[in-house]
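Take a look at the structure below.
The values are calculated or read from the model by the stated rules, or taken from the named source; none is laboratory data. Just so we're clear, the structure is a prediction, and the values are computed from it rather than from any experiment. A quick note on method: Cβ atoms are made from the backbone with ideal geometry, for glycine too, and the neighbour counts reach across all protein chains shown.
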Amino acid sequence: MSTLRIDREAADGAIVRRPGFGLLRALRQGPLFAGAAAVLVLLVLIAVFAPLIAPYDPDAVDLTATLAGSSSEHLLGADQSGRDILSRVIHGARTGLLGPLLVVGISTFLGIAIGVAAAWRGGWIDAMLSRSMDLIFAFPGMLVAILFVAVFGSGLTAPVIAMSVAYTPYVGRLVRSIAGQEKARPYIESYRVQGWSGWTICVRHLIPNITPTVLAQSAINFGYALMDLAALSYLGFGVQPPDSDWGSMINEGQAALLQDAMLPSFAPGLCIVVAVVAFGIVGEGIADRVAKRER
Amino acid sequence: MTGSVTRTSGTTGDKGADAVDATLEVVDLCKAFGGHRAVDGVSFTLAPGGSLGIVGESGCGKTTTARMLVGLVSPDSGSIRVGGRERSAPTRNRAERLARAREMQMVFQDPYLSLDPRVVVRECVEEVLRLHFDLTREQRTARVVELLDQVGLGEREASALPKALSGGQRQRVAIARALAAEPKVLILDEAVAALDVSIQAQILDLLAGIRRDAGVGFLFVSHDLAVVRHITEDVVVLRGGRVVEAGPTVDVLTEPRHTYTRLLLDSVPRVGWDPARIAADRRALEREAGGSSGD
Ligand SMILES: Nc1ncnc2c1ncn2[C@@H]1O[C@H](COP(=O)(O)OP(=O)(O)OP(=O)(O)O)[C@@H](O)[C@H]1O
Ligand SMILES: [Mg+2]
């Protein structure tokens, strides 16, 4: 209605990206988007059907195959303990995707709840929620995660909780600003004039209308979370050996590098890079489509 | 509430009973944004089933007044009463919210923004019925058809999303949606300003018919004096948030006492414009062209 409303939020109503990752925007259209989406589907299938696909038990130790190179028996070779790397990488996709999935799921839910509450209620509720998000944003998530692990012990749970908290402001800030813009739209105002409660309007109409933009951010966050969780387990704060996990595999494989065996750390490293890039491209692609549709 | 189904055909009988109950009285309404007094002591009365115009140049506070009436902006001071019930304070509960919504509904300026992009036309009207009235599914469906028919929309439009409709059709949906709550007063804030001239005429003609049939009072906000002259009985002229002149539309617009009103009148390019004739001509033209209903 009134075009005179001053929109202070317009500036930060954008997707949050990490430095360097903006480059992926250039790839968001055309065959690369389709390719990235295909990679993601493949990853999910691999994770789901890991026990069926993997040629060996990922934890089966075969000392005769220690640091074996690529062969018909072990396509990607074996690690120091003679465990089949391909099988470990395949099984690693499970924790590799499950962790970020939980982080993104929880942080998206919390971010939407907090962002919409802040935008809809405004006033001191907005001030309080926004300051809290700024505070969390200012803390390095990794540090908090390490702290959590120190307190609650390692495994997937502590890092996932810490990362969920750390990623909530990514979503919350975005949601707050786009929900604020959406709230001022005449179609939402007309629901208010019709007599609907704020809760019903938000849940039934406002949130579904902002979901595509939020999903774009969540897809991008998925890549970041995957990277962060892998880094944590690389540092020994996440999933513990002998469970197969890409991050801890890189760590374990480092010693093998000295013995000229690249594959033990290189294979899981490549998986991480491919997954992160694929999620980035898909996220950017979704964001781009949403922006185009809105214009 | 079952009586509501036949409202359009049967209202003339109980008009007298409603009459006591539906007078809109606005007294000394004020609203300031920062230091700027957008609305400054505005008072007027709208008789039941009457038609009052609010005119004035851009930025004089017309929209702000309308938004205060429907509760989208809370007034700094002053009183808004429909049938003696005060409605300037925020609503406290669901019953109050619904009661207020049935007192007053609003049609927004831009039909491209005032409809939820995700909701099909039929559903958009039905929602309002579900919220306000205790009807069976069949009664609701029948009422939706009736309401859409009242604004000249058929089966095809009923199952369309807003994006598949023209501007004029969308504004018809917005009008049907507002009428669904059976308000005593309908506020139309520049309701035809976003439409092109020939469609303006059709919509104005439609509105005049609805007022005749449904006995709903119109508060017609506009800067277009020709439109106001056509559709209102009384008019209030605003300038800088204050009422500078008020009275019967014919008197005010033919013999303005205030120079500001005269100035407004002089700035109108075509005073002799007659939307009813244009609408009639257009209908005649359509009949000749083969009776296709197109906006
Ligand atoms: N949300 C707001 N915040 C701050 N100032 C506002 C807000 N809404 C309106 N105003 C100011 O109040 C004044 C009246 O605005 P309003 O929208 O009521 O004018 P209007 O008569 O409807 O004008 P137009 O014919 O252009 O629609 C304007 O000066 C405007 O800048
Ligand atoms: Mg206005």
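Structure summary
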item	result
Members of the range B:39-59 found to be within 9 Å of ligand 2 (Cβ to nearest atom) and in contact (Cβ under 8 Å) with a residue 40 or more places away in the chain, listed by number	B:SER58
Condition check for A:VAL165: more than 14 Å from chain B (Cβ to nearest Cβ) and not hydroxyl-bearing (Ser, Thr, Tyr)	yes
Wholly enclosed helices (runs of 4 or more DSSP H) of the range A:198-295 bearing at least 2 residues closer than 18 Å to A:ASP79 by Cα and in contact (Cβ under 8 Å) with a residue 60 or more places away in the chain	A:246-258, A:263-294
Subset of the range B:84-125 (residues that are of a type in the set (A, V, I, L, M) and within 9 Å of chain A (Cβ to nearest Cβ))	B:LEU98, B:ALA99, B:ALA101, B:MET104, B:MET106, B:VAL107, B:LEU113, B:LEU115, B:VAL119
Residue tally, condition at pLDDT below 90 and of a type in the set (D, E, K, R), over the range B:41-75	1
Residue list for the range B:172-201, filter: touching a Pro at 6+ places or on another chain (Cβ under 8 Å) and either without any contact (Cβ under 8 Å) to a residue 12 or more places away in the chain or more than 12 Å from chain A (Cβ to nearest Cβ) (or both)	B:LYS184, B:LEU195, B:GLN200, B:ALA201
Members of the range B:68-83 found to be without any contact (Cβ under 8 Å) to a residue 60 or more places away in the chain and within 10 Å of chain A (Cβ to nearest Cβ), listed by number	B:GLY71, B:LEU72, B:VAL73
